[in-house]
Structure formats: C-alpha cells, structure tokens
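Right, one structure below, let's go through it.
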Amino acid sequence: MAEEIRNISLSNKRSFSIDGDLNRIIFLDTSDMNILVRLEEVYPEIERLAVEAADKIVATKQTNKEEGEENSEKLDSLVTVLKEIDKKMREKLNYIFASDIADACEPTGNMYDAVGGEFRFEHIIGVLSQLYANDINSEFKKMQERVKKHTEKYTSRRGKK
C-alpha cells in the first residue's frame, strides 16, 4: 500500500488583483528581501532597453520627416525591434518579482511607454515595491534618482499617455 503524500506550504506568496480585474491576478512574496538583489542586478538593463526603444522611435520619426513619407519596410523593422525590447523588459520585470507579473500589470501597452512622467516599468516597480518593506521602496527610489538624468529627456518628450 502506497504511503499518503502530504503537502506542506512554505510559500509566502499573496495574491493581488490589478485594477480590480479578477482576470489580472499576480502572486508576490512580499517578504522576499532578495528582490533588492534582483532589482539591483537587472534595473540598469531595463533602463537601457527603455532608452534604446525611445532612441529608435525618435530616429524613425526623424528619418520619416527627412524622407517625406513612411517607408513600410523600415516601419516593420521598427515594430519587430520594439516588440523584442518590450518582451525583454517584461522578462526582467518577472525576474525581479520572481513571478509572472508583467502581462497582468500591463496586458496591452509597452513597458517603455511614458506614464505620469516616467516609464511604465518604473511605475509598475514603484507601485509593487510599496507592497514590500519600506527599505525596498527606499532603495528603488535611490536607483530611480540615479538614472533619472539619463531618461528625463525621453519621458518628458513622450508626455503622458
């Protein structure tokens, strides 16, 4: 006779709905202090990807103005590159929070969109980090200030969405 297998739960994950939508649920371990390590590790890369997306958008707008009309092939190439950048940013956000949060937090927009004067990914990290201990939110704010000088020209140019 087989021995009964018992289940124990060691997870501290809690569920949160996004914008009150029960189809957009995320699971976070808000006691996971290792989030600081992951955040410090990948935040510069996410920031670089956002700047890269903004540069490509600006460059394409300038090229189209100079040529006088949109080049379908160049636009298709831009769309492909921007999709890949958004995908990489989403993967890094999921890594930071050790959970699949990106698609639930933003199912239709891009992580490099401007929201309230900051990139969308910054907004998501800021809101979700408030669910963690105060020191995590403080560390995020320090990192955000450190890189703000590099991103301000992009977020202010795009404006609010």
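The values are calculated or read from the model by the stated rules, or taken from the named source; none is laboratory data. Computed from a predicted structure; not experimentally measured. Quick reminder, even Gly has a Cβ in these numbers, built from the backbone with ideal geometry, and neighbours come from all protein chains shown.
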Quiz item: Out of segment 30-68, which residues are at pLDDT 85 or above, among the acidic types (Asp, Glu) and either surrounded by fewer than 16 Cβ atoms within 10 Å (Cβ to Cβ) or within 18 Å of the chain's Cα centre (by Cα) (or both)?
Solution: Glu40, Glu41, Glu45, Glu47, Glu52, Asp55
Quiz item: Can you name the residue in segment 103-149 that is among the small types (Gly, Ala, Ser) and part of a loop (DSSP other than H, G, I, E, B) and is also farthest from Ala54 (Cα to Cα) among such residues?
Solution: Ala133
Practice problem: Would you please list the contacts, defined by Cβ atoms under 6 Å and residues six or more apart or on different chains, that run from a residue in segment 74-88 that is in a helix (DSSP H, G or I) to a residue that is of a type in the set (Ser, Thr, Tyr)? | Solution: Leu78/Thr60
Quiz item: List, please: which pairs have Cβ atoms under 9 Å, are six or more places apart or on different chains, and start with a residue in segment 37-51 that is closer than 12 Å to Ile96 by Cα and in contact (Cβ under 8 Å) with a residue 60 or more places away in the chain and end with one that is polar (S, T, N, Q) and surrounded by 13 or more Cβ atoms within 10 Å (Cβ to Cβ)?
Solution: Leu39/Ser129; Tyr43/Gln144
Practice problem: Mind listing whichever residues of segment 1-58 are among the aromatic types (Phe, Trp, Tyr) and either at positive phi or out of contact with any Lys or Arg (no Cβ under 8 Å at 6 or more places or on another chain) (or both)? | Solution: Phe16, Tyr43
Quiz item: Which condition does Asp103 not pass, out of (1) closer than 21 Å to Tyr132 by Cα; (2) touching an Asp or Glu at 6+ places or on another chain (Cβ under 9 Å); (3) at pLDDT 95 or above, if it passes all the others?
Solution: (2)
